[in-house]
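The values are calculated or read from the model by the stated rules, or taken from the named source; none is laboratory data. Just so we're clear, the structure is a prediction, and the values are computed from it rather than from any experiment. In case anyone asks, the SASA skips ligands and DNA or RNA and just uses the protein heavy atoms, side chains included. Shrake-Rupley method; radii C 1.70, N 1.55, O 1.52, S 1.80 Å.
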Amino acid sequence: MPRSRIGTATVMTTLFLTSAGCTFDPATVTPFVPTPDRLSQVTPPADAATFTLLPLNTELGVGFERFAFRLLDETNTPVRQAIVKTVFYEGLPGGDSLREAAGDAAFFGQSMPGGGAWVLYSEIDSSGPWTIDVTIQLPDGRRAVARETVTVAGRTALPRSGMQPPTIDTPTTDGDDLSPLTTDPNPLEHLYRTSIADSIEAQRPFIVLFASAEHCPDETCEVMMSEFRALWTGYRDRIDFIHIESRNLEQPNLLSPTASAWGLPSEPWVFMFDGRGFLKYRTEGAVERTELSLLVDRMLQGF
């Protein structure tokens with residue numbers, strides 16, 4: 001395995017806010033500095049139960065990345081209230097871990113499809129196997145642990161942190177009929193007036209949502225459309241918002257041309273770009289507006 005390039009600038013970040021799982025203050029994105037421990041795996045407490053950790057990402061990439069997961073107890077019941085501490089390290093359990101970053105995970109989106117997820121953010125500097133160790137303190141005093149290994153992809157078609165959009169040829173309209181562009185039953189016309197090329201030329205930050213309210217396999221896309229519209233209300237003067245159908249409107253079993261060009265492995269996705277047109281953050285699946293707004297604020301502050 002190549003030696004990790006993680007240095008003192010690499011951070012694990014956790015989103016701090018009042019959530020269903022724990023209460024944090026203030027609402028911001030706060031960094032954790034990694035330690036150089038080469039044996040950074042967690043030693044389970046003697047009385048700890050073993051829970052299941054289910055990653056929700058279809059792809060993890062090098063760069064600033066959101067990692068979402070669910071925790072299930074011994075009866076396969078989702079764990080939503082607990083203190084969840086994480087250790088995220090390069091390598092496989094049982095071997096030397098080159099570097100690790102640690103911090104508390106935050107729980108978001110209990111009202112969202114799927115019942116929410118535990119979330120952490122990490123600056124990942126190399127592809128290959130990474131392992132997350134989790135220790136869980138339940139409200140009744142019980143303790144548990146969970147572990148899962150994930151693969152960080154190298155080069156993929158899906159844009160990752162620091163990249164520009166694969167294509168800026170995004171559909172827009174000046175007319176009142178939005179049906180050729182969206183299946184959203186409550187479309188917001190402002191989401192279809194500006195193209196990615198327009199935003200880059202104007203040097204304005206922009207956010208792209210890929211979703212199909214009518215053709216996604218479940219309600220997640222429709223809910224994300226609602227969250228996206230609500231987010232637009234708070235940031236419309238500072239950021240351009242762009243919705244692109246993830247499905248081909250004429251052949252809904254296929255991805256739309258733009259979604260195909262971006263290499264979407266799933267839906268929905270949100271991509272946040274700075275004023276120079278470089279990707280800052282991306283999220284996959286059901287993500288509530290509270291979490292999205294924290295990332296928008298971080299981008300506007302220049303992180």
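Odds and ends about this structure:
- Rounded to whole numbers, the Karplus 3J(HN,Hα) couplings from phi for the stretch 242-251 are 10, 9, 10, 4, 7, 10, 6, 5, 8, 10 Hz, using 6.51 cos²θ - 1.76 cosθ + 1.60 with θ = phi - 60°, and x at Gly and Pro.
- Other-chain or far-sequence residues with amide H under 5 Å of residue 256's (modelled H): 247, 248
- Solvent-accessible ranking of 215, 190, 243, largest area first, probe 1.4 Å: 190, 215, 243
- Couplings for the stretch 71-82, taken from phi via the Karplus curve 6.51 cos²θ - 1.76 cosθ + 1.60 with θ = phi - 60°, read 10, 10, 7, 5, 9, 6, 8, x, 9, 10, 10, 5 Hz in order; Gly and Pro are left as x.
- Here's how it looks for residue 148: its modeled amide H is under 5 Å from those of 132, which are all 5 or more places away or on a different chain.
- Mean separation of Cα contacts under 8 Å, 6 or more apart, over the residue count of the stretch 198-264: relative contact order %: 34 percent
- Derived scalar couplings between HN and Hα for the stretch 184-194 equal 4, x, 10, x, 9, 4, 5, 6, 10, 9, 10 Hz in order, rounded to whole Hz, by the Karplus curve 6.51 cos²θ - 1.76 cosθ + 1.60 (θ = phi - 60°), x for Gly and Pro.
- Its relative contact order, with pairs defined as Cα atoms under 8 Å and 6+ residues apart, puts the stretch 97-184 at 17 percent.
- Shape category assigned to the stretch 228-303 from the gyration tensor of Cα positions, a/c cut at 1.5: prolate
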